[in-house]
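These notes are about the structure you will find just below.
Only the coordinates and a few stated rules stand behind these numbers; no lab work does. Not measured: the values here are computed from a predicted model. All Cβ positions, even for glycine, are placed from backbone atoms using ideal geometry, and neighbour counts span all protein chains on display.
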């Protein structure tokens with residue numbers, strides 16, 4: 001069993017691979033964080049460009065082994081830099097490491113280490129935060145408090161404790177100075193995406209950077225996170241296949257969050273799930289349905305479903321436990337309805353409806369063209385739904401990327417709504433989990449009930465009655 005809180009860590013492990021034997025404290029200061037990151041990114045980009053030239057000169061087959069070595073070294077370099085930098089850089093790499101459906105194995109295997117092996121901060125350093133925030137000694141605030149963290153994440157680490165009422169809780173404590181680190185990282189990411197946009201014209205990462213800037217302040221505000229957890233719990237209260245930890249506000253502040261302890265199996269630990277007699281297909285089906293419910297019916301969703309934030313609690317039925325609500329998104333009713341219309345139009349292959357709806361949602365291309373919008377809709381969703389696959393595998397993603405590249409070269413996107421970026425992030429992470437769980441979920445069949453207004457009204461009425 002895995003202690004169910006954010007990104008499990010090897011807090012006191014002596015067997016951490018040499019790859020991750022790094023100092024616990026990150027560099028502090030804008031340029032001390034920006035320059036090393038820029039050097040790593042630029043160095044890898046230059047070597048990647050040189051590899052592309054060699055592949056054109058000598059052919060893919062002759063360069064196959066050189067390509068494999070490059071990607072192995074690149075993955076290791078990214079992890080080394082992420083561990084040294086920590087902060088938002090760790091979160092970005094954790095997202096990439098969760099994309100088993102898209103990235104090559106060299107990246108998935110190496111980057112996935114960042115879910116489990118973030119170096120923890122010393123107890124004395126974190127104790128000071130707890131006592132300053134809660135206004136008392138740890139021994140007085142809690143009946144028991146384990147000094148070894150059960151999780152070391154990108155922005156905070158988590159401890160197991162017990163309240164004076166005898167309740168087992170998890171205490172999430174923010175790293176000292178992390179708000180400044182997040183601000184400096186956002187500045188670095190903004191700078192690098194601007195530079196990238198000058199040299200690589202097909203994919204523009206600036207909208208992603210803008211969305212990170214919008215969401216980052218909420219991720220370092222534990223009051224916001226606690227309130228978001230309570231709202232999602234209320235929205236899903238009628239279901240018996242999900243669990244959201246309750247919040248203990250008398251032991252919580254902006255920088256310390258005390259919540260129910262969830263004892264579950266990490267959702268990506270297929271062996272442990274099977275050993276517990278839990279069907280991974282059932283887990284995949286439940287997870288898909290929960291996100292359809294949150295996004296298309298309730299209009300509020302947990303936007304960071306990487307393996308460190310999702311657990312399976314054994315039982316009948318097994319329940320999916322969600323933790324870490326720092327990145328949670330609420331959609332307006334108008335946007336949610338537009339999303340339903342767009343999805344229906346993509347499935348029905350209606351270019352005019354796709355174009356009108358995408359523009360209404362905030363998409364903009366250089367030249368107004370329904371065919372461009374239709375091509376993007378097919379690439380983003382239609383191809384996967386019609387593929388008969390439960391997730392977008394590497395072959396399908398390569399085909400989609402090639403088509404997007406051809407489309408955007410002739411008519412680039414100039415604006416993308418931030419809510420869509422978050423939904424795309426969620427879809428990508430769920431796709432990666434689908435592959436990990438060996439899912440055979442029929443995504444189109446799972447989605448159709450949420451596109452039928454009558455079916456949705458009946459489901460909501462049944463939920464209220466039940």
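Points worth noting:
- Surface/4 of the Cα convex hull for the range 291-371, nm²: 7.4 nm²
- A Förster distance of 35 Å, applied to the separation of the beta-carbon atoms of residue 250 and residue 197, puts the FRET efficiency at 0.15.
- Contact order for the range 129-174, expressed relative to its length and based on alpha carbon pairs under 8 Å spaced 6+ residues apart, stands at 31 percent.
- Whole-Å semi-axes of the ellipsoid equivalent to the range 141-224 (Cα gyration tensor, √5λ, descending): 38, 11, 10
- Each of 304, 370, 240, 452 has some number of other Cβ atoms within 10 Å of its Cβ, and from fewest to most they run 240, 452, 370, 304.
- Cα gyration tensor shape for the range 278-331, rounded if a/c is under 1.5, else prolate or oblate: oblate
- At q = 0.09, 0.16, 0.19 Å⁻¹, base-10 log of I(q)/I(0) for the range 113-271 (Debye sum, equal scatterers on each alpha carbon): -0.38, -1.03, -1.26
- Extending 7 Å from Cα along the Cβ direction at residue 180 and again at residue 223 yields two label points whose distance is 2.3 nm.
- Measuring r between the beta carbons of residue 46 and residue 371 and using R0 = 30 Å, the FRET efficiency lands at 0.25.
- Stretch gain in nm, segment residue 187-residue 66, where the contour uses 0.36 nm per residue and the Cα spacing is subtracted: 40.2 nm
- Approximate spin-label separation residue 451-residue 240, in nm, with each point projected 7 Å along Cα-to-Cβ: 3.1 nm
- Exposure proxy for 282, 425: other Cβ atoms within 10 Å of each Cβ, ordered fewest to most, give 282, 425.
- The stretch between residue 39 and residue 206 holds 58.2 nm of extra length on full extension. This uses 0.36 nm per residue minus the Cα-Cα distance.
- Diagonalising the gyration tensor over the Cα atoms of the range 233-282 and scaling each eigenvalue by 5 before taking the square root yields semi-axes of 28, 15, 8 Å, largest first.
- The Cα atoms of the range 179-251 give a gyration tensor whose axes a ≥ b ≥ c have a/c of 1.5 or more with a/b no greater than b/c, which makes the shape oblate.
- Paired Rg and Dmax values of the range 200-322, which use every Cα atom, in angstrom: 16.4, 51
- Per residue convex hull volume, Cα atoms of the range 179-219, in Å³: 46 Å³
- The range 295-426: proportion of alpha-carbon pairs further apart than 17 angstrom, %: 65 percent
- Förster radius 41 Å - calculated FRET efficiency between residue 31 and residue 270, Cβ distance, rounded to 0.05: 0.45
- Sorted by Cβ neighbour density within 10 Å, fewest at the top, the residues 431, 252: 252, 431
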